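Everything on this sheet refers to the single structure shown next.
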């Protein structure tokens, strides 16, 4: 059934009046043009149908004029520039122009141009175009039906652009479906639950994801992949949470608030003795990662100090849950990591000092081999010009083997120089990379240390 979502049906949330529970249902697309489209598809697939006949069919099918509109329809939720405009009358002009072009190409290239093949390809283009237009037209009609149906609380969609309709499911529980479809990498699909005017935040994701941002996590209760079938996941998540809040408030608070806090705080405490981690990617697949040395300390500092940002969100639940213990545990972890970060930053500073000294000592040699390499390259360029002038090389297709052999004869010290050049430049590159990476880690660790000190400042 989930494969039909936004293709043949809308996935909707409804409230059962008898049980007072939220349920998932499906609404079939309203398609008043199914018969006309079917006939058009048959004509497009028929190799004997001419473009003139297709034109006549479109002219005679007055119902197709209903398709003329602008559609905020996403063929792909994560695509770009998905909205489009349809104009039934413009297609008649498009067919005439393409027909004329095909005849012209056939006349100019009678032996190589396959006019029938081009006609068939264009007929398939027209078929896919009308299929898309009818699909967009049908889903729009179904949206309107759901808007008018008072029993429908929320419904799936594939509308492009920013949208965040708010649905009040019960007096204490509301749902916000936050979407931004059809904007490429900026696209997103979130569900945000609100209980007693407090947003439910997935605190555990701070630990579950290797790379996470506080500003992103607080935007949603659950994130979903940008595919139509994930509307079912969004609806099921909402249904289960809402029904649980209605049936048993204690269990709801435990599952969506207490357990989330516990997962995050427990994860922070485990970071102190772990080097082997299991994370989720954005497709919610699991992978493992080992962290050691300075990178491990940086990671610990990032996660533990970053948890301080969530304290204000946790405090919002103070009136409906016992959360003070979580705050104390987060603070305790930060007090524990702060001296470790301070010590680590000093160790890295000493390493950086030694590496910078080593690079400074190598730099004169590095500058010399780089300069000598330029001189050798200039010599090879001059040799190439001379050999071309003497007729020993073809300017259109340089024989590099011949050129290199001659260069080696005239510069017997080049082989030894090349070995030195590669060794020195590689050593210099590695030193630069080490300095860059350590500097970044050190700056981050100092930032995390300052964040903790700022938090505990009287």
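For residues that are assigned to a helix (DSSP H, G or I) and without any contact (Cβ under 8 Å) to a residue 24 or more places away in the chain, tally how many sit in segment 358-403. Explain how you work it out, then say what you get.
Filtering segment 358-403 down to residues assigned to a helix (DSSP H, G or I) leaves 358-389, 400-403.
Filter once more, keeping what is without any contact (Cβ under 8 Å) to a residue 24 or more places away in the chain: 360-361, 364, 367-368, 371, 374-375, 377-378, 381-382, 384-389, 400-403.
Residues flagged as assigned to a helix (DSSP H, G or I) and without any contact (Cβ under 8 Å) to a residue 24 or more places away in the chain within segment 358-403 amount to 22.
Among the residues that make up segment 138-154, is at least one of them within 21 Å of the chain's Cα centre (by Cα) and part of a strand (DSSP E or B)? Before you say what the answer is, go through the steps one by one.
Taking segment 138-154 first, the residues within 21 Å of the chain's Cα centre (by Cα) are none.
No; the residues of segment 138-154 include none that is within 21 Å of the chain's Cα centre (by Cα) and part of a strand (DSSP E or B).
Determine whether residue 229 is touching a residue at least 60 places away in the same chain (Cβ under 8 Å), in contact with a helix residue (DSSP H, G or I) (Cβ under 8 Å, 6 or more places away or on another chain), surrounded by 15 or more Cβ atoms within 10 Å (Cβ to Cβ) and under 23 Å from residue 186 (Cβ atoms).
yes
Being surrounded by 12 or more Cβ atoms within 10 Å (Cβ to Cβ) and either closer than 25 Å to residue 188 by Cβ or touching a helix residue (DSSP H, G or I) at 6+ places or on another chain (Cβ under 6 Å) (or both) narrows it down to one residue among 81, 76; which is it?
76
Restricting the search to segment 54-70, which residues are loosely packed, with under 12 Cβ neighbours inside 10 Å and either in contact (Cβ under 8 Å) with a residue 24 or more places away in the chain or more than 30 Å from residue 231 (Cβ to Cβ) (or both)? Write out each step before concluding.
Just the residues of segment 54-70 that are loosely packed, with under 12 Cβ neighbours inside 10 Å, to begin with: 60, 62, 65, 70.
If the condition is that a residue be loosely packed, with under 12 Cβ neighbours inside 10 Å and either in contact (Cβ under 8 Å) with a residue 24 or more places away in the chain or more than 30 Å from residue 231 (Cβ to Cβ) (or both), then 60, 62, 65 are the ones that fit.
Residue-wise test of (1) assigned to a helix (DSSP H, G or I); (2) under 23 Å from residue 154 (Cα atoms); (3) under 20 Å from the mean Cα position of the chain (by Cα); (4) not assigned by TED's automatic domain parsing to the domain that holds residue 19.
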| site | (1), (2), (3), (4) |
| --- | --- |
| 236 | yes, yes, no, yes |
| 243 | yes, yes, no, yes |
| 255 | yes, no, no, yes |
| 258 | yes, no, no, yes |
| 261 | yes, no, no, yes |
| 265 | yes, no, no, yes |
| 269 | yes, no, no, yes |
| 282 | no, no, yes, yes |
| 288 | no, no, no, yes |
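Residue 407 - would you say it is closer than 30 Å to residue 357 by Cα and surrounded by 12 or more Cβ atoms within 10 Å (Cβ to Cβ)? Quick ask: steps written out before the conclusion?
Details: closer than 30 Å to residue 357 by Cα: no; surrounded by 12 or more Cβ atoms within 10 Å (Cβ to Cβ): yes.
When the stated conditions are applied, residue 407 does not pass them.
Go through (1) touching a helix residue (DSSP H, G or I) at 6+ places or on another chain (Cβ under 7 Å); (2) part of a helix (DSSP H, G or I); (3) within 16 Å of residue 263 (Cα to Cα) and name the single condition residue 337 misses.
Unmet condition: (3).
Just one of (1) in a loop (DSSP other than H, G, I, E, B); (2) over 27 Å from residue 341 (Cβ atoms) trips up residue 458, so point out which.
(2)
Please work out which one of (1) under 30 Å from residue 7 (Cβ atoms); (2) at pLDDT 90 or above; (3) surrounded by fewer than 18 Cβ atoms within 10 Å (Cβ to Cβ) is the condition residue 241 fails and give its number.
(3)
Does any residue of segment 199-206 turn out to be under 30 Å from residue 300 (Cβ atoms), outside the structural domain of residue 76 (by TED's automatic domain parsing) and either part of a strand (DSSP E or B) or without any contact (Cβ under 8 Å) to a residue 12 or more places away in the chain (or both)? Walk me through it before giving the result.
Of the residues in segment 199-206, the ones under 30 Å from residue 300 (Cβ atoms) are 199-206.
Keeping just the survivors that are outside the structural domain of residue 76 (by TED's automatic domain parsing) gives 199-206.
Filter once more, keeping what is either part of a strand (DSSP E or B) or without any contact (Cβ under 8 Å) to a residue 12 or more places away in the chain (or both): 199.
Yes, segment 199-206 contains at least one residue that is under 30 Å from residue 300 (Cβ atoms), outside the structural domain of residue 76 (by TED's automatic domain parsing) and either part of a strand (DSSP E or B) or without any contact (Cβ under 8 Å) to a residue 12 or more places away in the chain (or both).
Answer yes or no: is there a residue in segment 381-393 that is in the same structural domain as residue 441 (by TED's automatic domain parsing) and either on the phi > 0 side of the Ramachandran plot or under 48 Å from the mean Cα position of the chain (by Cα) (or both).
Keep residues of segment 381-393 that are in the same structural domain as residue 441 (by TED's automatic domain parsing), which gives 381-393.
In the following step, the residues that additionally are either on the phi > 0 side of the Ramachandran plot or under 48 Å from the mean Cα position of the chain (by Cα) (or both) were identified as 381, 391.
Within segment 381-393, one or more residues are in the same structural domain as residue 441 (by TED's automatic domain parsing) and either on the phi > 0 side of the Ramachandran plot or under 48 Å from the mean Cα position of the chain (by Cα) (or both).
Looking at residue 195, is it touching a residue at least 12 places away in the same chain (Cβ under 8 Å), buried (at least 17 other Cβ atoms within 10 Å of the Cβ) and touching a helix residue (DSSP H, G or I) at 6+ places or on another chain (Cβ under 9 Å)?
Yes.
This table checks each residue for (1) on the phi < 0 side of the Ramachandran plot; (2) out of contact with any strand residue (DSSP E or B) (no Cβ under 7 Å at 6 or more places or on another chain); (3) part of a helix (DSSP H, G or I).
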{"position": "18", "(1), (2), (3)": "yes, yes, no"}
{"position": "47", "(1), (2), (3)": "yes, yes, no"}
{"position": "57", "(1), (2), (3)": "yes, yes, yes"}
{"position": "82", "(1), (2), (3)": "yes, no, no"}
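Please state which of the following conditions residue 337 fails to meet, knowing it meets all the rest: (1) surrounded by fewer than 12 Cβ atoms within 10 Å (Cβ to Cβ); (2) under 39 Å from the mean Cα position of the chain (by Cα); (3) modelled with pLDDT of 95 or more.
The failed condition is (1).
Is it the case, given these coordinates, that residue 29 is surrounded by 13 or more Cβ atoms within 10 Å (Cβ to Cβ), under 39 Å from the mean Cα position of the chain (by Cα) and under 30 Å from residue 232 (Cα atoms)?
Working: surrounded by 13 or more Cβ atoms within 10 Å (Cβ to Cβ): yes; under 39 Å from the mean Cα position of the chain (by Cα): yes; under 30 Å from residue 232 (Cα atoms): yes.
Yes, satisfied.
Does residue 14 fit the bill of being within 30 Å of residue 247 (Cβ to Cβ), modelled with pLDDT under 95, touching a strand residue (DSSP E or B) at 6+ places or on another chain (Cβ under 8 Å) and not in a helix (DSSP H, G or I)?
Numbers: within 30 Å of residue 247 (Cβ to Cβ): yes; modelled with pLDDT under 95: yes; touching a strand residue (DSSP E or B) at 6+ places or on another chain (Cβ under 8 Å): yes; not in a helix (DSSP H, G or I): yes.
Answer is yes for this residue.
The values are calculated or read from the model by the stated rules, or taken from the named source; none is laboratory data. Every value quoted in this text rests on a predicted model; they were computed, and no experiment measured them. Don't worry about glycine lacking a Cβ; one is built from the backbone with ideal geometry, like all the others, and counts go over all protein chains shown.
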